[in-house]
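Presented below is the structure to which this report refers.
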Amino acid sequence: MNAPTLFGLCGAVLVGLGLYGLVVNPQPLRKILAFNLVGSGVFLLFGVVARRGAALGMGGDPVPQALVITGIVVAFSATALAVALVLRLHDLTGAATLAPADADEPPAQ
Amino acid sequence: MNALPAMLPETTTAGGFLLVLTLILPFVGVLAALTLGGRHARRVAMLAIPLGLVLSLAIVVEAVQTERTLVYLLGGWAPPLGIVLRADGLSAVMLLTTAVILLAVALFAHADFDTPPGTREARRPFMFWTLLLAMWGSLNAVFLAGDLFTLYVALELLGFAGVPLVCLDERAETLQAALRYLLFALLGSVLYMLGAVLLYGAYGTLDIALLAGLVRPEPAAFAAAALMTVGLLAKTALFPLHLWLPPAHAGAPAAASAVLSALAVKGSFFLVIRLWLDVMPGIITPAAGQLLAAFGAAAILVGNVVALRQKRLKMLIAYSTVAQIGYLFLMFPLAAGLSAMQLPNDPAVTGGLLQAVSHATAKAAMFMGAGLIYATLGHDRIADLAGVGRQLPMTLLAFALGGSALVGLPPAGGFLAKWLLLSAALTTGQWWWVVVMVAGGLLTSAYVFIVVMRALVAVDAENTPKMVVPRHREAVVLALASLSFLLGLAALLPVDIVQIGRPQPFAAGLP
Amino acid sequence: MNLALLFDGMLVVLILAVAVWTVTVRDSFAAGIGYAVYGLLLALAWVRLAAVDAALTEAAIGGGLTSVLMIRATVRLRAGEAAARAATPGPLPRLLAALLGGSVAAGLALVVLALPDPAPTLAPQVAEHIATTGLGNAVTAVLLSFRAIDTLLEAVVLIYALIAVWTLTPDRFWGGRPGPKYETDPNGMLAYLARLLPPIGIVVAVYVLWVGADLPGGKFQAGTLLAAMWLLAIMAGLTEAPPISRRWLRGVLVAGTVVFLAIGFAGVPLAGAFLAYPEGFAKPLIVAIEAASMLSIAFTLALLVLGPPERSDQA
């Protein structure tokens with residue numbers, strides 16, 4: 001058991017935890033939070049992969065580290081869009097739920 | 001023992017720069033539309049899309065003439081350190097299809113999304129044209145990028161362009177549909193990303209061509225394949241992950257629905273093809289192929305049956321998309337079966353791609369037709385379509401042609417696609433897919449028939465149309481539908497475009 | 001078991017504890033705060049993994065901007081909180097969800113333990129070619145030279161996200177200002193901080209950008225810092241969010257990507273390929289791209305946090 005493996009297991013648990021939170025929490029904002037947990041767990045796993053690739057004086061393989069940075073920014077923009085959608089839905093309907101769509105109901109187009 | 005990946009001896013091919021231009025043009029369009037603002041967004045789109053069509057044609061011509069994949073080394077760096085753009089036959093066909101459909105949609109929507117005179121900038125038209133260009137850019141990136149992480153970014157681009165198109169009209173139902181779409185898309189992206197992480201951890205590269213040579217049947221590869229596939233299936237709305245699609249595609253404005261159903265779901269499907277046939281041909285077991293196609297069969301049956309029960313035309317068309325997506329996945333066990341018999345998997349791959357292109361053109365025409373019907377009648381209730389046949393004859397013909405293409409009547413592309421898939425099924429002895437395809441065809445013809453018959457009913461009192469639809473919009477829809485109906489003639493082409501650049505895969509499955 | 005591993009172990013336990021709390025706590029506002037704590041702890045984990053650039057990004061974006069976003073949202077949705085919580089599934093679905101999460105975690109853990117040793121890595125190839133970029137920071141070299149297209153597309157992703165957020169504007173507010181009109185006590189703590197911190201923040205941001213060429217840092221971290229400073233000033237009422245229809249704003253948002261594209265295409269005649277740098281000029285061009293992008297990133301990130309316009313231009 002060394003440090004990278006430890007953080008790798010941490011990442012794995014975070015992914016599972018986030019998936020649990022995604023299914024169990026009914027509020028969309030909590031689902032979005034759970035998504036961020038899963039995402040950060042995945043990035044942590046990527047960081048572990050980077051650390052295991054340490055060589056030639058570099059603390060880690062720089063390619064995964066660079067990809068993680070890109071990924072964190074992309075995940076943030078996704079979160080921002082999701083939150084904006086939830087807030088707009090709340091403004092319009094007074095509630096923010098993902099009630100199951102009624103397939104036969106004609107939307108007032 | 002995994003060796004360190006060496007630099008791949010790939011070089012930029014002669015027409016390679018076309019790939020860069022095709023990739024960047026839509027993004028330049030988005031930037032220009034955003035900066036210039038207002039009514040200029042539509043002008044930028046009307047300039048850029050035909051230009052992009054020319055570029056896509058040039059790529060197809062170049063690929064056919066050289067009979068090789070076009071390659072471009074970005075920054076001059078070869079994989080695994082750098083990233084490469086690749087356009088093989090599959091990519092070229094998808095690029096061309098995208099450009100053609102976008103041109104049709106742009107012409108169709110030209111009048112619909114007009115900035116009112118006197119306003120410098122209006123939200124709905126400005127956003128529509130910008131998002132159309134954005135969707136185009138993300139699709140080109142999906143078809144051209146040769147690195148799995150770049151493809152992840154492209155998938156995110158695709159989601160960010162598609163979601164706002166769904167809720168462009170800002171009604172509560174469409175916002176809910178958009179949110180559900182976004183959550184499924186994010187789930188898909190994060191699972192895809194997880195798979196990519198595992199692949200890099202095991203093999204040290206994310207380049208598709210390099211990975212094909214490095215991937216072994218081991219836990220990391222299996223886990224990655226499973227995760228990435230599930231993620232992509234969520235984005236492609238394959239049963240049972242299809243629940244987000246019908247409300248999203250039905251709730252969007254007609255032109256947007258056309259783009260979403262025809263093209264957006266094909267992007268993630270394209271990546272499933274890349275993953276299964278290019279990255280991991282020897283890893284995916286035949287059983288996995290059967291499982292995937294089983295979900296496809298379920299999608300065909302469930303989608304068609306629920307479509308028959310729909311009261312609204314746009315919902316019917318959306319559920320039809322759910323069903324037609326199922327057809328696309330039949331190609332995988334057929335391709336695996338052919339490879340296992342040491343036969344070239346051309347029929348299955350060409351059939352699958354032709355099905356995708358045929359559905360794209362037909363579905364786009366049908367959604368646009370539904371939009372015209374809605375504009376004329378003020379509603380799209382199937383029960384009350386009587387009289388539309390007289391008012392919109394071209395549209396109804398287009399709907400019938402598109403529907404026939406979906407059912408698979410000759411000479412439509414759908415016919416040729418199903419013929420190829422059926423022959424592959426019979427060759428490999430997988431006769432159960434024949435049953436599925438025939439049943440699906442019957443169900444599809446049922447609802448196409450119902451809609452066309454209802455619309456052809458003559459009414460004594462002439463309905464005053466809510467809006468007189470200009471003939472040229474009908475003409476665009478008819479042209480696209482005719483294209484889908486005549487795609488089967490592609491069999492007459494001298495060259496099998498789809499096979500350009502395809503490696504002969506290993507025998508699928510473990511020994 | 002040495003001291004470092006003990007520390008890492010305690011850090012992991014703490015991270016997981018905060019994560020569990022964030023998922024299970026009843027109040028969504030508390031969950032938002034929990035996520036902020038989680039982000040900062042995760043940044044520490046990144047440092048322990050010798051990925052300082054990622055640590056800076058995680059601290060700034062995960063622990064910073066994402067948390068601001070979530071906290072603002074949970075506060076706005078507080079009223080409907082109880083009703084929404086009533087839809088929490090019963091014990092059986094929770095058990096199934098726990099099984100799903102548990103099995104995924106277990107499967108991933110097994111795969112992680114089975115990863116090859118020695119691990120395949122691109123570090124040697126980066127080390128071999130980094131001299132052409134003139135940079136000392138390998139991560140910046142990867143981001144802006146070897147895998148420049150990813151960074152270019154990522155700038156485009158930010159713009160796409162902002163366009164998508166703006167699509168949600170109510171028609172009557174189109175062209176208006178995002179966010180509410182913040183009014184705070186001009187002599188209060190918030191206004192004081194908003195006058196004190198931004199100048200320091202700007203200097204630090206420029207430093208982080210400049211030093212990112214050779215040491216951990218770069219445009220994302222610097223841009224996030226600038227965005228945070230601007231948001232602080234807006235939320236303290238010292239300045240107003242600009243109307244989204246302003247030409248200058250649109251220009252600033254696309255400036256970074258335009259510079260990136262221009263330099264990228266200049267590479268075709270000058271260096272033989274799109275996104276290639278001519279010999280000896282790599283570092284100044286890269287710094288130019290980073291500087292322009294930093295500004296665009298700062299504005300885009302801040303506008304993403306503020307959301308779509310909520311009041312018209314004149315309000």
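Bear in mind that the values in this text are calculations on the coordinates, not laboratory data. Predicted model, so just to flag it, every value in this text is computed and none were measured. Ideal geometry is used to build each Cβ from the backbone, glycine not excepted, and the neighbour counts take in all protein chains shown.
Once whole DSSP H runs in chain C are found, which of them have Cα atoms spread over 27 Å or more along the helix axis and a mean Kyte-Doolittle score of at least -1.0?
C:3-24, C:28-48, C:91-113, C:148-167, C:189-211, C:247-271, C:282-306
Could you state the angle between the C-alpha long axis of helix B:413-427 and the longest principal axis of the C-alpha atoms of chain B, as a value from 0 to 90 degrees rounded to the nearest 10?
Roughly 40 degrees between the two axes.
Taking the Cα centre as origin and putting +1 on Lys and Arg beta-carbons and -1 on Asp and Glu beta-carbons, what dipole magnitude results for chain C, to the nearest 20 debye?
Working: 18 positive and 18 negative charges, 176 e Å.
In total the dipole reaches around 840 debye.
Taking Rh as the Kirkwood radius computed over C-alpha pairs, what is the Stokes-Einstein D of segment C:183-269 at 25 °C in a medium of viscosity 0.890 mPa s, expressed in µm² per second?
Calculated translational D: 163 µm²/s.
Taking the Cα centre of the protein assembly as shown as origin and charging only Cβ (+1 Lys, Arg; -1 Asp, Glu), how large is the dipole, in debye to the nearest 20?
1440
What is the order of C:L6, A:L33, fewest Cβ neighbours within 10 Å to most? Before the final figure, lay out the partial values.
Working: C:L6 10, A:L33 28.
By the 10 Å Cβ count, ascending, the order reads C:L6, A:L33.
Among C:G34, C:A73, C:A50, whose Cα sits farthest toward the positive end of the charge dipole of segment C:1-79 (+1 at Cβ of Lys/Arg, -1 at Cβ of Asp/Glu, about the Cα centre)?
Towards the positive end, the residue furthest out is C:A73.
Calculated from DSSP H runs of 4 or more alone, at -39500 (n - 2.57) each and per residue, what is the 222 nm mean residue ellipticity of the protein assembly as shown, nearest 500?
-23000 deg cm²/dmol
For the Cα atoms of chain B, what angle does the longest principal axis make with the long axis of helix B:89-109, in degrees from 0 to 90, nearest 10?
Orientation of helix B:89-109: about 20 degrees from the principal axis.
In whole Å, what are the extents of segment B:285-365 along the principal axes defined by its C-alpha atoms, from largest to smallest?
48, 24, 12
Could you order peptides B:109-119, C:285-295 by the average number of other Cβ atoms within 10 Å of their residues, highest first?
Averaged packing, sorted descending, gives the order C:285-295, B:109-119.
Test of understanding: what is the full-extension gain from C:V204 to C:F281, defined as 0.36 nm times their sequence separation minus their Cα-Cα distance?
Stretched fully, the C:V204-C:F281 segment lengthens by 25.1 nm.
Using the reciprocal of the averaged 1/r over all distinct C-alpha pairs, how large is the Kirkwood radius of chain C in Å?
22.3 Å is the Kirkwood radius here.
Please compute the length gained on full extension between C:L96 and C:L249, using 0.36 nm multiplied by the number of residues separating them and subtracting their Cα-Cα distance.
50.2 nm
Show me the ranking of peptides B:471-478, C:74-81 by mean Cβ neighbours inside 10 Å, starting with the highest. Present the calculation step by step, with values, prior to reporting the outcome.
Values: B:471-478: 20.2, C:74-81: 16.2.
Per-residue Cβ counts within 10 Å, averaged per peptide and sorted highest first, yield B:471-478, C:74-81.
Rounded, prolate or oblate: which fits segment C:82-168, taking a ≥ b ≥ c as square roots of the Cα gyration tensor eigenvalues, rounded meaning a/c under 1.5, else prolate when a/b beats b/c?
It comes out oblate by the Cα gyration axes.
List B:Y374, B:Y181 from most exposed to least, where exposure is judged by having the fewest other Cβ atoms within 10 Å.
Working: B:Y374 20, B:Y181 29.
Sorted ascending by nearby Cβ count, the order is B:Y374, B:Y181.
Apply the Debye scattering formula to segment B:285-506, with a single equal point scatterer on each alpha-carbon and no solvent, then give log10 I(q)/I(0) at q = 0.14 Å⁻¹.
-0.82
Structure shown: which of B:K235/B:K363; B:K235/B:K314; B:K266/B:K311; B:K235/C:K181; B:K266/C:K283 lie over 30 Å apart, alpha-carbon to alpha-carbon?
Beyond 30 Å: B:K235/C:K181; B:K266/C:K283.
When all alpha-carbon pairs of segment C:126-258 are counted, what percent fall beyond 18 Å?
When every Cα pair of segment C:126-258 is considered, 67 percent fall beyond 18 Å.
How large are Rg and Dmax for segment B:348-453 when only the alpha carbon atoms are used, in Å?
15.6, 50
Hey, what angle do you get for helix B:393-407 against the long axis of chain B, alpha-carbon based, 0 to 90 degrees rounded to 10?
The angle comes out at about 30 degrees.
Output needed: percent of Cα pairs per 5 Å distance bin for segment B:250-296, bins running from 0 to the one holding the longest distance.
5, 18, 18, 19, 14, 11, 9, 5, 1
Express in nm, to one decimal, how much length is gained between C:V211 and C:A262 on full extension, taking 0.36 nm for each residue of separation and deducting their alpha carbon distance. Display every interim value, and only then the final one.
Numbers: separation 51, 0.36 × 51 = 18.36 nm, distance 2.39 nm.
Result for the pair: 16.0 nm of gain on full extension.
What is the P(r) of segment B:74-194, as percent of Cα-Cα pairs per 5 Å bin from 0?
2, 10, 15, 18, 18, 16, 10, 6, 4, 1, 0
About its Cα centre, what dipole magnitude does chain A give when the only charges are +1 on Lys and Arg Cβ and -1 on Asp and Glu Cβ, stated in debye to the nearest 20?
Once rounded to the nearest 20, the dipole reads 480 debye.
Using a 10 Å cut-off on Cβ atoms, rank the peptides B:73-79, B:160-166 from the highest mean neighbour count down.
So the peptides B:73-79, B:160-166, ranked by packing, come out B:160-166, B:73-79.
Computed from the mean reciprocal separation of all distinct C-alpha pairs, what Kirkwood hydrodynamic radius does the protein assembly as shown have, in Å?
27.9
Over all residues in B:34-47, what is the mean tally of Cβ atoms on other chains that come within 10 Å of each residue's Cβ?
The shielding value for this peptide is 2.
Between C:A4 and C:A87, how high is the FRET efficiency from 1/(1 + (r/R0)^6) when r is the Cβ-Cβ distance and R₀ = 56 Å? Nearest 0.05.
0.80
log₁₀ I(q)/I(0) of chain A at q = 0.15 Å⁻¹, via Debye over equal Cα point scatterers, no solvent, to two decimals?
Treating every Cα as an identical point scatterer, log10 I(q)/I(0) equals -0.75.
Based on the alpha carbons, how large is the Rg to Rh ratio for chain B when Rh follows Kirkwood?
0.96
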